[in-house]
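Q: The structure that follows is given in the form of structure tokens.
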Amino acid sequence: MKADLPLIGLEGVAKRYGAVEAVRDVSFSLPAGARVALVGHNGAGKTTLMKLMLGLIRPSAGRLHVLGQDPAEGAAETRRRLGWLPENVTFNPALTGRELLCFFARLKGEPVSGADALLERVGLGAASRRRVGGYSKGMRQRLGLAQALLGSPRALLLDEPTTGLDPEVRQGLYSMLSDLAEGGTTVLLSSHALEELEGQVERVVILDHGSVVADGTVAELRRLARLPIRLRLTLAGEEAPEWFGPAGAVRQPGPGFFEVSCTPEAKMELLRQATGDRRIADLDLLPPTLDELYSHFLRLRQEAAR
């Protein structure tokens, strides 16, 4: 692979199924070590893009390369350097977790000797010799992640990887993905759970009906969207201070609790006012969430299409 090429690159990629355009004119690139989330509603094109990157389907238009190769050419070495976790994981229920992982290791040309360590890594060490038919949904998801990690992939594509995982295991997964990215593995994941992505990925690509409607870090998306910032305060009294501003910008969820909305430019002045008010017992600054940013950019696209 040429040194100046990103690990994954798409240029004007489209995919049609008859009259249906599942992906249209998508362009972006992913460098080594990136942690990126594809977000969008069902049918937005997330899974189709991942299948294109894996070479499972061919684009109708445009160009893409993965690890310096056209993935549709099917180069064996390129495929060995990719890890893939589909959204719906199904395994032979009669086999144990270890037997399945050893089977996938042989398919990928990897030694089976690392299976036990990999199962421990995803939290299945104690259940490795149990039949998969007795696994919970979350355990099957972790087994799917283990097979995706076989061979220390340079690029890891994960379609809804946290489905069925409890909060502790979910946090462990994100910690593992962070370690992999620090080691140079490019991580691309899709998710409907937008609230859990913040702080876990460096960049978000928002899709709508097969097109990219926004692409950037959460901080960049907030600057573009210019949505109101909320200041949540707990006061010793129940009266709203005069410096809160217009009544329409203030909510009172309960006695002594207030929420003030302001523009990004007014944030610092509002904070100065709050820190100088002795009645303030507690304060939280709430920037727009990823859910709110997602809704904002989709609304802009819908308005532009009218």
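Here, each number is a calculation from the coordinates, and none is a lab measurement. None of the values given here were measured: they were computed from a predicted structure. Here the Cβ is made from the backbone with ideal geometry for all residues, glycine too, and neighbour counts use every protein chain on show.
Q: Among (1) in a loop (DSSP other than H, G, I, E, B); (2) under 22 Å from F28 (Cβ atoms); (3) free of Cβ contacts under 8 Å to residues at least 60 places away in the same chain, there is one condition S128 misses while meeting the rest; what is its number?
A: (2)
Each row is one residue, and each column tells you yes or no for (1) small (G, A, S); (2) over 19 Å from K51 (Cβ atoms); (3) out of contact with any Pro (no Cβ under 7 Å at 6 or more places or on another chain).
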residue: G83; (1), (2), (3): yes, no, no
residue: V89; (1), (2), (3): no, no, yes
residue: N92; (1), (2), (3): no, yes, yes
residue: R98; (1), (2), (3): no, yes, yes
residue: F103; (1), (2), (3): no, yes, yes
residue: G109; (1), (2), (3): yes, yes, yes
residue: A117; (1), (2), (3): yes, yes, yes
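Q: May I ask you to verify whether E182 is more than 30 Å from G256 (Cβ to Cβ) and among the acidic types (D, E)? If you could, list the steps in order and put the result at the bottom.
A: Details: more than 30 Å from G256 (Cβ to Cβ): yes; among the acidic types (D, E): yes.
Yes.
Q: Let me ask you something else. Is it the case that the stretch 85-99 has a residue that's in contact (Cβ under 8 Å) with a residue 60 or more places away in the chain and outside any loop (DSSP other than H, G, I, E, B)? Let's see the steps before the verdict.
A: Looking only at the stretch 85-99, we keep the residues that are in contact (Cβ under 8 Å) with a residue 60 or more places away in the chain, and these are 85-87.
Next cut, outside any loop (DSSP other than H, G, I, E, B) only: 85.
The answer is yes, given that some residue of the stretch 85-99 is in contact (Cβ under 8 Å) with a residue 60 or more places away in the chain and outside any loop (DSSP other than H, G, I, E, B).
Q: So how many residues does the stretch 195-204 have that are over 9 Å from the mean Cα position of the chain (by Cα) and crowded, with 17+ Cβ neighbours inside 10 Å?
A: So the answer is 0.
Q: Regarding the stretch 245-265, can at least one residue be identified that is among the hydroxyl-bearing types (S, T, Y), under 33 Å from the mean Cα position of the chain (by Cα), buried (at least 19 other Cβ atoms within 10 Å of the Cβ) and assigned to a loop (DSSP other than H, G, I, E, B)?
A: Checked against the condition, which is being among the hydroxyl-bearing types (S, T, Y), under 33 Å from the mean Cα position of the chain (by Cα), buried (at least 19 other Cβ atoms within 10 Å of the Cβ) and assigned to a loop (DSSP other than H, G, I, E, B), the stretch 245-265 yields no hits at all.
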